[in-house]
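Inspection log for the structure reproduced underneath, given as structure tokens.
The values are calculated or read from the model by the stated rules, or taken from the named source; none is laboratory data. As the structure is a prediction and not an experimental result, all values here were calculated from the model. Cβ: placed from backbone, ideal geometry, glycine included. Neighbour counts: every protein chain shown.
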Amino acid sequence: MTFSNAEQFAGKRVVDFQRDTPLSGLDSTAYRLRIEYDDEHTMLDLLTALLEDAAVDRLEALVIGAWQVDESDRPSTEVVEALVAAASQLASMRSLFLGDIASEENEVSWIVQSDVSPLWTAFPRLETFQVRGGYGLALGPLKHDHLKSLVIECGGLPRSVLQEMAAAKLPALEHLELYLGTGGYGWDGSIDDVRPLLQPGLFPRLKYLGLRDSEIADEVANAVAESPILKQIEVLDLSLGTLGDDGGRALLACQDLQRLKRLDLSHHYLSNDLVKQFDRLPIEVDLDDPQEEDRYGRYVAVGE
């Protein structure tokens, strides 16, 4: 799987910001700032130009793409600091995507993020936050009253981020989507780091739980099947990982699985017999993109 630049974000069409074009259609448009190889200006130049637009105080959704193309190891620190400094001018912003970087611009495992925790205080009305890249990422003390959707896409999620999530106070969170990834690209956790996220009281409004792209997908499936979280959520997404029959049997044996509205197991290593059993469930099940284990083992969909 490769990442491409977003065409939609937070229900809005994504449009690249042009310094000589006024902002318009802000009810339906998310503006993206990104640097390309032949650009002479910087990301901060783009942000400054955006902030000079008379309509910027009505901007609801902002997408940050590649912030430096000739220094792929530059972290997002400077961007985060600039956004925080501009918070009063971005008072209407409800949705932020930090790192909309396509694979052809930079591989996901090479994207260097930073401590994004200053954003929580700077944007207390933020509802959607998506970030791509796990290297260097820190959420810090995460307490936010209005955040409804949190998505972290990466080749491997550090244990420290899972621990920050387990300590988070997010009473409004409805959608949690984490790419756990593989040890070769940053994953250094274990199933014991995942289990605290499966307590239904942690995020009382959670409806969608995505624990995707995991090299320990069978262990994750077993832990989910043993957890009361299935009594709460409506969508369980274990796609893009290495799920096989061990995890599949655990899910099928769990009666609460049938309380779901949707189960996403796409990119799986399930046997035909297990696939038929999932097909018979009275819920929507996505079993697309079946994989075959080779002599080297199983592979997640998103690594490098």
Check your understanding: If you scan the stretch 54-71, which residues turn out to be in contact (Cβ under 8 Å) with a residue 40 or more places away in the chain and farther than 13 Å from Leu23 by Cβ?
Key -> Val63, Gly65, Ala66
Review point. Of the residues in the stretch 74-111, how many are outside any loop (DSSP other than H, G, I, E, B), touching a helix residue (DSSP H, G or I) at 6+ places or on another chain (Cβ under 9 Å) and β-branched (Val, Ile, Thr)?
Key: 4
Point to revise | Candidates Val69, Val84 - the one that is of a type in the set (A, V, I, L, M, F, W, C) and under 27 Å from Ala301 (Cβ atoms) | key: Val69
Practice item. State the number of residues belonging to the stretch 23-53 that are closer than 26 Å to Gly11 by Cβ and without any contact (Cβ under 8 Å) to a residue 24 or more places away in the chain. Key: 2
Exercise for review: Give me a count of the residues in the stretch 259-282 that are more than 11 Å from Asp237 (Cβ to Cβ), of a type in the set (Lys, Arg) and not in a helix (DSSP H, G or I).
Suggested key: 2
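Take the stretch 65-98 and flag every residue that is of a type in the set (D, E, K, R), under 13 Å from Trp120 (Cα atoms) and out of contact with any Lys or Arg (no Cβ under 7 Å at 6 or more places or on another chain). Give the derivation first.
Filtering the stretch 65-98 for residues of a type in the set (D, E, K, R) gives 70-71, 73-74, 78, 81, 94.
Keeping just the survivors that are under 13 Å from Trp120 (Cα atoms) gives 81, 94.
Residue satisfying the conditions is Glu81 alone.
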Practice item. Report the residue count in the stretch 153-186 for those that are free of Cβ contacts under 8 Å to residues at least 40 places away in the same chain, in contact with a helix residue (DSSP H, G or I) (Cβ under 8 Å, 6 or more places away or on another chain) and not polar (S, T, N, Q). Key: 6
Exercise for review: Would you be able to say whether some residue in the stretch 227-242 is out of contact with any Ser or Thr (no Cβ under 9 Å at 6 or more places or on another chain), modelled with pLDDT under 95 and among the hydroxyl-bearing types (Ser, Thr, Tyr)?
Suggested key: no
Exercise for review: Determine, yes or no, whether Ser4 is within 30 Å of Gly303 (Cβ to Cβ), small (Gly, Ala, Ser) and surrounded by fewer than 13 Cβ atoms within 10 Å (Cβ to Cβ).
Suggested key: yes
**Study point:** Positions within the stretch 31-43 being within 27 Å of the chain's Cα centre (by Cα) and either of a type in the set (Asp, Glu) or surrounded by 15 or more Cβ atoms within 10 Å (Cβ to Cβ) (or both), in sequence order
**Key:** Tyr31, Arg32, Leu33, Arg34, Ile35, Glu36, Met43
Practice item. Mind counting the residues in the stretch 125-151 that are aliphatic (A, V, I, L, M) and closer than 19 Å to Lys12 by Cα? Key: 5
Revision key, fill the gap. Taking the stretch 140-163 and keeping only residues that are touching a Leu at 6+ places or on another chain (Cβ under 9 Å), outside any strand (DSSP E or B) and within 21 Å of Val302 (Cβ to Cβ), one is left with Cys154, Leu157, Pro158, Ser160, Val161, Leu162
Check your understanding: Which residues, counting only those in the stretch 284-303, are among the aromatic types (Phe, Trp, Tyr) and within 21 Å of the chain's Cα centre (by Cα)?
Key -> Tyr299
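Can you name the residue in the stretch 47-73 that is acidic (Asp, Glu) and part of a loop (DSSP other than H, G, I, E, B) and, of all such residues, is surrounded by the fewest Cβ atoms within 10 Å (Cβ to Cβ)? Lay out the reasoning, then the answer.
As a first pass, look at the stretch 47-73 and keep what is acidic (Asp, Glu): 52-53, 57, 60, 70-71, 73.
Next, from what is left, pick out any that are part of a loop (DSSP other than H, G, I, E, B): 52-53, 60, 70-71, 73.
Working: Glu52: 10, Asp53: 18, Glu60: 20, Asp70: 7, Glu71: 9, Asp73: 11.
So the residue we want is Asp70.
Results for (1) in contact with a strand residue (DSSP E or B) (Cβ under 7 Å, 6 or more places away or on another chain); (2) over 24 Å from Val84 (Cα atoms), shown as yes or no for each residue.
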site	(1), (2)
Thr121	no, no
Cys154	yes, no
Tyr179	yes, yes
Pro196	no, yes
**Study point:** Number of the condition not met by Leu162 [criteria: (1) surrounded by 16 or more Cβ atoms within 10 Å (Cβ to Cβ); (2) under 25 Å from Trp67 (Cα atoms); (3) within 15 Å of the chain's Cα centre (by Cα)]
**Key:** (2)
Exercise for review: Take the stretch 167-182 and flag every residue that is surrounded by 16 or more Cβ atoms within 10 Å (Cβ to Cβ) and closer than 18 Å to Pro204 by Cα.
Suggested key: Ala168, Leu170, Leu173, Glu174, His175, Leu176, Glu177, Leu178
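Quickly run through the stretch 7-20 and pick out the residues that are surrounded by 12 or more Cβ atoms within 10 Å (Cβ to Cβ) and modelled with pLDDT under 95.
Step one: list which residues in the stretch 7-20 are surrounded by 12 or more Cβ atoms within 10 Å (Cβ to Cβ), which gives 9-10, 12-17, 19.
Correct list: Arg19 only.
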